[in-house]
C-alpha cells in the first residue's frame, strides 16, 4: 500500500526517542489530511534510488549529497508510514538502514558499513529468540495457542470459513502442536547466533529466513518480506571486493 492510499484517522506514539524527536517536526500531522503531500512523498521515496544510481554513474561529485538525501527521505517516509495504523516499523528496518551504506566515501568504509548491516540482521533474529526465553513464553505449552487467539480474534470472528481462519483455528485447538511451532521459531531465531562467529552457514541462514517469513505470513499474518534486502549481507561473501569493484567503476 502506498502512502497516499492510506486513510489514517490517528497515529501511534512509539516508545523510542527517535520517534519522539521526529514527531516534534509535526510532519506526520501535516500529512495526515494532505493527499498531495502523500503523493509527493511516494514519488520521492520510490525515485530516490534511481536518482542515486544516475548520480553514481554520471555525476559522482553529487554522490554524497544524493546519498544523504536518500537517507533523510527514507527515514521521514518510513516514520510517517508506520506512525499511521498500517504496519510496524520493525518490518521496514531495511528501508531505514540499507541507504546508510551509500554514505561511504571509500571502499573500506563501504565494506565496514556493509558488515555492520550483516551483524544487525543477525541481531534482529537472535534478539527475538532471546526475548522469548527472557519472557518465559518458551516454557508455557499454551503460549502459542494464546498468541494465535489474541492475534487473529477479528479474523476468526468475521471470517470463520476462510482457509486461513481454519488453519489458525486448527493450531489453536491443538496447543501441543502450536507450541512446537513456537519452539521451532525460537530455535530458528537463536540459530542465527552462529553467524556472529562464521560465514560458513550463511546460505543456510538465507533459507531459514525465507522459511521464517513465509510461515510468519501464513500463521501470524505478519508481512516481513521487506526485510529481504538485508539478505544481501549474507549472500555477498567478499564484500570488500564487491565494494572496490563497484566504487572504482
How big is D, in µm² s⁻¹, for the range 181-241 by Stokes-Einstein at 25 °C and 0.890 mPa s if Rh is the Kirkwood radius over C-alpha pairs? 196
With just the Cα atoms defining each centre, how far is the range 108-128 from the range 3-24? Give it in Å. 26
Crossing angle, helix 239-248 versus the chain [Cα axis fit, 0-90 degrees, rounded to tens]: 30
In whole Å, largest first, the alpha carbons of the range 1-103 cover along the principal axes 43, 28, 23
Per the rule of 0.36 nm per residue minus the C-alpha distance, extending residue 46 to residue 169 adds in nm 40.4 nm
Please give the helix 163-172 orientation as an angle from the longest Cα principal axis of the chain, in degrees from 0 to 90, rounded to the nearest 10. 60
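At a Förster distance of 30 Å, what's the computed FRET efficiency of residue 190 paired with residue 13, Cβ-Cβ distance as r, to 0.05?
0.40
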Note the per residue figure in Å³ for the convex hull of the C-alpha positions in the range 1-43. 83
Sorted from largest down, give the three principal axis spans of the alpha carbons of the range 48-129, whole angstrom values. 42, 29, 14
How long are the semi-axes of the equivalent ellipsoid of the range 120-239, taking √(5λ) for every eigenvalue λ of the Cα gyration tensor, in whole Å from largest down? 29, 17, 10
Alpha-carbon radius of gyration plus Dmax, which is the widest Cα pair, for the range 101-154 in Å: 18.5, 52
Cβ-based exposure ranking for 17, 177, 32, in which fewest neighbours within 10 Å come first: 17, 177, 32
Treating every alpha carbon of the range 24-179 as one equal point scatterer without solvent, the Debye formula yields log10 I(q)/I(0) values at q = 0.10, 0.13, 0.14, 0.16 Å⁻¹ of -0.61, -0.87, -0.93, -1.02
If one takes the longest principal axis of the Cα atoms in the chain, at what angle in degrees, from 0 to 90 and to the nearest 10, does the Cα axis of helix 107-134 lie? 10
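Where a number appears in this text, it was derived from the coordinates with a stated rule and is not lab data. Because the structure is predicted, anything quoted here is derived from the model rather than measured. Because the Cβ atoms are built from the backbone with ideal geometry, glycine has one as well, and the counts that use them run over all protein chains shown.
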